[in-house]
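The values are calculated or read from the model by the stated rules, or taken from the named source; none is laboratory data. Keep in mind it's a predicted model, so treat the numbers as computed, not measured. All Cβ positions, even for glycine, are placed from backbone atoms using ideal geometry, and neighbour counts span all protein chains on display.
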Amino acid sequence: MERKRERAVLATVEEIGKESWRLEDRERELTRLAESCGVEIAGSLTCRRKTLTPNLFLGRGKAREIAALVDELDADVVIFNNDLSPTQQKNLEEIINAKTIDRTQLILDIFARRATSNEGKVQVELAQLVYLLPRLSGKGIQLSRLGGGLGTRGPGEQKLEIDRRRLRERIARLKKDLKDITRRRRLRRSQREKFSMLTIALVGYTNSGKSTLFNALTSAGVKVKDQMFSTLDPTVRKMPLPNNQTVLVSDTVGFLNELPHHLIESFKATLEEVVGADILFHIVDMSDPRIDRQNVAVARVLEELGVQDRPVFTVLNKADKVPGELERYRIERRFHTPVIISAIKGEGLFELKELVVRFIQKDMEDIELILPHRHYAIAKMIREKGTVRYEEYGDKGLFISARVPRKVKYSIFKKLKMLSKEK
C-alpha cells in the first residue's frame, strides 16, 4: 500500500542583519530539501524579524497566522528553515496544532533515506538520536505526535527509538560502533598509503555534480540523481592519468549552507576521506545563481575540518547549462585559475587530469639508490610512480636514478629503514 504524502507548509524566518543569504534563496533551498523528502508543498510563508524570542522563536501573532494557514491548506506538518530549540518546537506545536520540524530534523530525514551502507546508517541514526534526546519528555516523547512520517524515520524504514533510557543506551552503542568504523577507515587509508598513491577528494555544495564527475573520472558507476545529498556514503576508486600514473579519487557527501556543527561531528568518519586527501577538487555548479554564497558555505565546512590550507583545484561544472561564452567568461573571472568542465558531457576532463599531472611533476624530487635484488618491490614502485632516468644491475644490486613524488620518496626511505631493522 502506497504511503500518503504529507502536506507541508514551509516557514522561512530571517533575523534582520544576521543572514548572508537572500530570503528568497533560502526559501528556494528549503523547497528543494522538502521535496527530497517526498512531501507535498501545500504552501509557504516568509517573515523578517528584528529579534527571535527564546520561548516561541516567532511572535505569537505570526504563530497563529501559521496555524490558520495550516488549517486552511489542510497541512500535516510545518517545516521551519531554521533550527529550533526543544522549547520553541514544543510551544510552536501547541499553537499551530500540527507537527513542527526544523531544518536539522529535515536534513536528518533526508540522510536517513539516503543511507545504504552500515556505516552510513550508524552515523545517521546517531545524529538523529542525539538530536531527539533533549526533545523527549518523561518516559515517552514530546516529539510531534509521533504518528510516523517526516522526522520519525530512522535509516531504512525502521522507526526511531523513543524511550529515554533505551535511547541513551542506543547512543552509547552507536558511538562505540562509530569508533570501530573510524578505526577501520583509518586502517584502510593507511594500507592505501603504503602504495604511496596521491589521493583526491571531491568536495562541494550538494547537487553540484560530484558523483557525475566521479563516474566520468573513474568509471565507478555510482548512482547519480538530480537531488540533494544523493551521495551519503564515501566511495574511493582509481583514476588513470595521461602519463600512465594512477591516483585515488573519493566521492563525498555534499555540503550545505548552515550545516549544523553536530552533523559535521557525527559524519567525521565519512568526512575523514576529505581530511586524508592530498588534493581537493572543489566542484562548483557554475549554472547556479547562488554560486558565491555556496562557496562561502563550502569554505566554512573545510575550515571546520581543518583542511582549508590543502591544495584546492576549483572545478566549474555544468558548463553545458551556462548560455554563451560571455557568461562563462564572466563566471570564470571570479575564480583563480579554474578548470571549466561538463561532467555529464565529458568536456574538460582531459584538462583536469593534466592539471593533476602537472601538480605531481611540480612535487617530484630526485632519488638515487642501490637496491639489493631482494627489494624488487621498491624498484617496481619507483618505476610505476616516478620517471626513471637511469638504472643498471650490478653486483651489489640495482642502481636506479629517478624522479618521484615527495610522498613516494618519503615512503621508500621509510620502507628501507624498516627493512634494515629486520636484518
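Quick notes on this one:
- Candidates 275, 249, 284: the one that is crowded, with 17+ Cβ neighbours inside 10 Å, of a type in the set (A, V, I, L, M) and within 16 Å of residue 302 (Cβ to Cβ) is 284.
- Odd one out for residue 163, checked against (1) more than 30 Å from residue 413 (Cα to Cα); (2) modelled with pLDDT of 80 or more: (2)
- Within this structure, residue 290 passes the test of being surrounded by 17 or more Cβ atoms within 10 Å (Cβ to Cβ) and over 21 Å from residue 350 (Cα atoms).
- Top-ranked residue in region 361-414 [being in contact with a Pro (Cβ under 9 Å, 6 or more places away or on another chain) and of a type in the set (Lys, Arg); ranked as nearest to residue 198 (Cα to Cα)]: 385
Here is a yes/no grid of residues against (1) of a type in the set (Val, Ile, Thr); (2) without any contact (Cβ under 8 Å) to a residue 24 or more places away in the chain:
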site	(1), (2)
334	no, no
339	yes, no
357	yes, no
368	no, no
371	no, no
379	no, yes
399	no, no
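- Enumeration of residues in region 384-405 that are surrounded by 13 or more Cβ atoms within 10 Å (Cβ to Cβ) and either closer than 18 Å to residue 358 by Cα or out of contact with any strand residue (DSSP E or B) (no Cβ under 9 Å at 6 or more places or on another chain) (or both): 384, 385, 386, 387, 388, 402, 403, 404, 405
- Residues in region 81-109 that are of a type in the set (A, V, I, L, M, F, W, C) and more than 13 Å from residue 267 (Cβ to Cβ): 84, 92, 95, 96, 98, 101, 106.
- Checking each residue in region 310-323 for being under 16 Å from residue 200 (Cβ atoms) and either among the β-branched types (Val, Ile, Thr) or surrounded by fewer than 17 Cβ atoms within 10 Å (Cβ to Cβ) (or both) picks out 310, 311, 312, 314, 315.
- In region 277-291, residue farthest from the chain's Cα centre (by Cα) [restricted to those that are at pLDDT below 90 and closer than 20 Å to residue 329 by Cβ]: 289
- Pairs with Cβ under 9 Å, 6+ apart, first in region 311-332 and in contact (Cβ under 8 Å) with a residue 60 or more places away in the chain, second among the aliphatic types (A, V, I, L, M) and in a helix (DSSP H, G or I): 315/213; 315/352; 317/213
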